[in-house]
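J.: Right, I'll just put the structure down here and ask away after.
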Protein chains: 2
Amino acid sequence: MKELRRDPITNDIVVLAKNRSKRPMDKVNNQNDKEVIEEYRKDCPFCRGNEKHTEKCTFEIKGEDGWIVRSVYNKFPIVDSLSEEIFGHHEVMIDTNRHNGNFYNMSEEEFFYLLKMYKDRYVFMAKNEQVKYISIFKNFLRRAGASLIHPHSQIISLSIVPPEVENEINISKRYYEKNNKSLYEYIIESELKYQERVIYDNKDYLLVVPEIAKYGGEIRLFFKSKKRFEELKEAELKELGRILERLFKKMYEVHGYNPFNICIHTHPINTDEKHEEHFRTHIHIIPRKYSFGGFELSTDLYVSSINADELAKKLRFD
Amino acid sequence: MKELRRDPITNDIVVLAKNRSKRPMDKVNNQNDKEVIEEYRKDCPFCRGNEKHTEKCTFEIKGEDGWIVRSVYNKFPIVDSLSEEIFGHHEVMIDTNRHNGNFYNMSEEEFFYLLKMYKDRYVFMAKNEQVKYISIFKNFLRRAGASLIHPHSQIISLSIVPPEVENEINISKRYYEKNNKSLYEYIIESELKYQERVIYDNKDYLLVVPEIAKYGGEIRLFFKSKKRFEELKEAELKELGRILERLFKKMYEVHGYNPFNICIHTHPINTDEKHEEHFRTHIHIIPRKYSFGGFELSTDLYVSSINADELAKKLRFD
């Protein structure tokens with residue numbers, strides 16, 4: 001018995017086929033990547049001491065032994081300032097000076113510094129009035145799209161609102177017009193009522209395993225307030241850092257050293273229309289355990305065999 | 001200098017950023033999978049001799065030593081007949097009895113048998129009047145979504161027209177209404193005029209590397225006639241088999257033993273509206289060399305650093 005369901009925030013169509021998680025898999029090539037051992041590598045452009053291999057530094061936080069986080073221009077930008085059609089800036093934010101650092105082993109303090117850097121670069125890029133959206137994301141390991149192993153995040157300012165964000169905003173706007181209530185508030189209330197999919201809840205944030213999502217095992221962190229990402233104060237960044245630190249320790253227990261993506265979805269900027277009433281900043285945390293196959297590519301239908309309640313239970317923390 | 005371009009048949013938005021193909025990659029984890037050596041494995045449910053491990057057989061072509069291609073019910077179907085909302089049948093089509101067989105080393109004859117099986121199962125599934133679309137696709141290797149190594153294809157009948165096919169049909173329909181000409185005819189004419197992206201051309205089929213596509217290195221095979229997939233005659237299936245055999249030998253030279261997907265996009269069935277005037281059957285052949293990262297997941301924008309002309313030149317055959 002299969003159900004056809006829509007992800008309420010994206011409208012993605014997902015076939016619930018829970019038995020498929022039991023299908024046999026050839027063992028070959030199913031291993032996780034090897035964990036990085038060395039704290040420093042001579043040939044890594046992002047390691048502390050190898051600064052000459054990167055472009056201009058735009059931000060850093062220093063510790064006793066040198067920088068701890070650091071952002072630089074991307075040498076191979078997706079967008080640049082040379083085109084009329086699409087332009088913006090693309091920076092690489094080095095998560096930690098440690099080559100073997102990663103979200104699974106970073107301390108609360110390291111997460112806090114990282115988030116401070118996210119905010120600093122966001123605020124800087126937002127000063128350009130032609131910028132309509134700023135995308136912060138992270139790829140960890142090759143299968144999640146990372147070309148270099150040293151842990152890093154990316155920030156890209158864009159002269160357009162990207163289609164996926166526009167899609168989410170349109171959906172939440174239509175919901176608001178119809179129900180006179182924010183879709184995100186409705187989701188937060190429903191998840192708190194149901195409880196089984198909640199990983200963590202406090203006054204500012206709710207962390208859940210959504211029942212319906214195209215990426216198996218996706219986790220979503222919702223802002224409860226109407227704050228934009230760049231409006232987070234020092235204490236809120238600290239709290240967010242603590243949550244990420246706890247969450248990724250749990251994710252490591254469940255999935256091991258697994259590739260993942262982080263996508264921050266916040267509000268467009270420098271636009272006439274405001275979306276504070278209906279839209280909420282949120283973060284998609286996407287383990288890349290499974291690859292989409294020809295069915296998904298061919299149909300734009302997705303298949304979910306995840307038990308969200310069970311996964312949330314395993315990931316839950318205080 | 002970046003350009004923002006739309007894939008004409010899907011409307012996907014692609015940023016052309018050709019310099020990015022030069023960015024450094026850590027060597028680790030970038031290797032291809034190991035090629036399979038054994039022609040038979042005792043523990044493989046799809047090998048000849050292990051038929052007791054599969055569900056009911058629905059089709060086979062026999063050679064002197066036993067079956068050469070064979071289709072069976074999928075033990076872990078994405079859809080089944082138990083739901084009102086979405087239903088259909090899901091069969092696995094075993095490409096060849098050889099465990100070490102694959103599109104890179106299959107003979108013209110093996111491709112012909114495989115396509116005969118595709119057509120047979122399609123025609124069978126199309127007899128159910130509630131079926132609206134039949135999707136044929138193939139996943140090769142884990143990174144392309146395959147759970148078992150033994151080469152196999154899949155066919156799924158659906159009670160709905162999947163969103164991706166509906167999207168392509170709507171685009172070609174709008175183009176036809178506006179221009180009184182098929183978008184696919186226009187693309188075929190343009191590619192033949194430009195020539196540099198053409199891999200192979202004959203009276204029935206055109207094979208090209210599209211300039212704009214979200215998947216780097218994608219190849220498209222267009223039907224020149226208005227034929228639906230299931231209308232292909234024996235001689236046309238043979239010719240298609242010959243083209244695939246030649247193409248995959250070339251792909252092996254260029255990409256090595258690389259994961260890929262095949263997606264056949266043909267016409268919906270049992271619907272009132274006909275799309276023969278504007279839509280054309282076509283096949284997406286998608287090497288899975290690169291993984292989408294947080295940028296693509298977060299924005300639904302894609303980045304192309306492929307030189308289509310150069311790739312087409314390398315893949316060209318007679």
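J.: With labels modelled as points extended 7 Å from the Cα through the Cβ direction, what inter-label distance (nm, one decimal) is found for A:E51 paired with B:R242?
T.: Simple spin-label model gives 6.5 nm for this pair.
J.: What is the spin-label model distance, in nm, from B:N307 to B:S225 if the labels are put 7 Å beyond Cα along the C-beta direction?
T.: 3.8
J.: Here is a follow-up. Using a ≥ b ≥ c from the Cα gyration tensor of region A:165-236 (square roots of the eigenvalues), is it rounded, prolate or oblate, where a/c under 1.5 gives rounded and otherwise the larger of a/b and b/c decides, a/b for prolate?
T.: Working: a/c = 1.42, a/b = 1.06, b/c = 1.35.
Taking the square roots of the gyration eigenvalues as a ≥ b ≥ c, region A:165-236 is rounded.
J.: What does the copy distance list look like for B:V254, label position 7 Å along Cα→Cβ, in nm and ordered from shortest?
T.: Nearest to farthest, the other copies are at 4.0 nm.
J.: Between region B:118-147 and region A:95-139, what is the separation of their alpha carbon centroids in Å?
T.: If we compute the Cα centre of each part, the gap is 43 Å.
J.: Listed highest first by mean packing, meaning other Cβ atoms within 10 Å per residue, what order do A:179-187, B:67-75 come in?
T.: Top of the packing list down: B:67-75, A:179-187.
J.: Let me ask something else about it. Send over the Kirkwood Rh of the protein assembly as shown, from the inverse of the averaged 1/r over different Cα pairs, rounded to one decimal Å. It would help to have the intermediate numbers written out before the result.
T.: On the way: mean 1/r = 0.0385 Å⁻¹.
Evaluated over the protein assembly as shown, this radius sits at 26.0 Å.
J.: When Cβ neighbours within 10 Å are restricted to other protein chains, what is their mean count per residue of peptide A:141-148?
T.: Working: counts 4, 8, 4, 5, 8, 6, 8, 4.
That average works out to 6.
J.: Let me ask another. Report B:K22's accessible area, 1.4 Å probe, all protein chains in place, as a number in Å² to the nearest 10.
T.: B:K22 has an accessible surface of roughly 150 Å² with all protein chains in place.
J.: Indicate the gyration tensor shape class of region A:14-140 (rounded, prolate or oblate), computed on the Cα atoms with a ≥ b ≥ c the square roots of the eigenvalues: a/c under 1.5 is rounded; otherwise a/b larger than b/c is prolate and the rest oblate. Each step should come with its number before you reach the end.
T.: Working: a/c = 2.02, a/b = 1.28, b/c = 1.58.
The shape class here is oblate.
J.: Related question: Pick from B:L82, B:L244, B:L158: which is most flexible by mean-square fluctuation in a GNM of chain B where alpha carbon atoms under 10 Å apart are linked?
T.: Comparing B:L82, B:L244, B:L158 in the GNM, the peak value goes to B:L82.
J.: Between A:A126 and A:D33, what FRET efficiency comes out of the Förster formula 1/(1 + (r/R0)^6) with R0 = 60 Å and r the beta carbon distance, rounded to 0.05?
T.: Values: r = 35 Å, r/R0 = 0.59.
Once rounded, the FRET efficiency stands at 0.95.
J.: Here is a further query. How many angstrom separate the Cα center of region B:182-257 from the Cα center of region B:290-313?
T.: A separation of 20 Å, based on Cα centres.
J.: In nm, what does the list of distances from A:E3 to its counterparts in the other copies look like, shortest first, when each label sits 7 Å along Cα to Cβ?
T.: Label point to label point, same position, other copies: 4.7 nm.
J.: Also, quick follow-up: Could you tell me which of rounded, prolate or oblate describes region A:223-308, using a ≥ b ≥ c as the square roots of the eigenvalues of the alpha-carbon gyration tensor, with rounded for a/c under 1.5 and, failing that, prolate when a/b is larger than b/c and oblate otherwise? Write down the numbers at each step before the final one.
T.: Numbers: a/c = 2.87, a/b = 1.31, b/c = 2.19.
Cα axes put region A:223-308 in the oblate bin.
J.: Once you average over the residues of A:285-291, how many Cβ atoms of partner chains fall within 10 Å of each Cβ?
T.: Details: counts 0, 3, 0, 4, 0, 3, 11.
Per-residue shielding by partner chains comes out at 3.
J.: For A:S21 and A:Y252 in one chain, what is 0.36 nm times their gap in residues minus the Cα-Cα distance, to one decimal in nm?
T.: Numbers: separation 231, 0.36 × 231 = 83.16 nm, distance 1.99 nm.
The A:S21-A:Y252 span can extend by a further 81.2 nm.
J.: Can I ask one more? Output, in nm with one decimal and in ascending order, the distances from the B:E38 label point to the matching label points of the other copies (7 Å from Cα along Cα-to-Cβ).
T.: Label-point separations across copies, in nm and ascending: 3.7.
J.: Divide by every residue of the protein assembly as shown the summed helix terms, -39500 (n - 2.57) for each DSSP H run of at least 4, and state the resulting mean residue ellipticity at 222 nm, rounded to the nearest 500 deg cm²/dmol. Numbers along the way, then the final one.
T.: Numbers: 12 runs with 167 residues, N = 636.
Roughly -8500 deg cm²/dmol at 222 nm, from the helical runs in the protein assembly as shown.
J.: Given +1 on the Cβ of Lys and Arg, -1 on the Cβ of Asp and Glu, and no further charges, what dipole in debye does region B:140-258 carry about its Cα centre, rounded to the nearest 20?
T.: Numbers: 21 positive and 19 negative charges, 15 e Å.
In debye, rounded to 20, region B:140-258 gives about 80.
J.: Using Cβ-Cβ distances only, list the Cys residues of the protein assembly as shown with no partner cysteine under 4.7 Å, sorted by number.
T.: A:C57, A:C263, B:C57, B:C263
J.: In Å², rounded to the nearest 100, what is the total accessible surface buried by chains A and B against each other with a 1.4 Å probe? Intermediate values should be presented prior to the final figure.
T.: Numbers: alone 16420 and 16440 Å², together 27150 Å².
Summed over both sides, the interface buries about 5700 Å².
J.: For chain A, give me the percentage of DSSP beta bridges that are antiparallel, rounded to the nearest 5 percent.
T.: Values: 47 of 51 bridges.
Taking every DSSP beta bridge within chain A, about 90 percent pair in antiparallel fashion.
The values are calculated or read from the model by the stated rules, or taken from the named source; none is laboratory data. From a predicted model like this one, the values you see are computed outputs, not experimental measurements. Every residue, glycine among them, receives a Cβ derived from its backbone with ideal geometry; neighbour counts consider all protein chains shown. Ligands, DNA and RNA are excluded from the accessible area calculation, which covers all protein heavy atoms including side chains. Shrake-Rupley method; radii C 1.70, N 1.55, O 1.52, S 1.80 Å.
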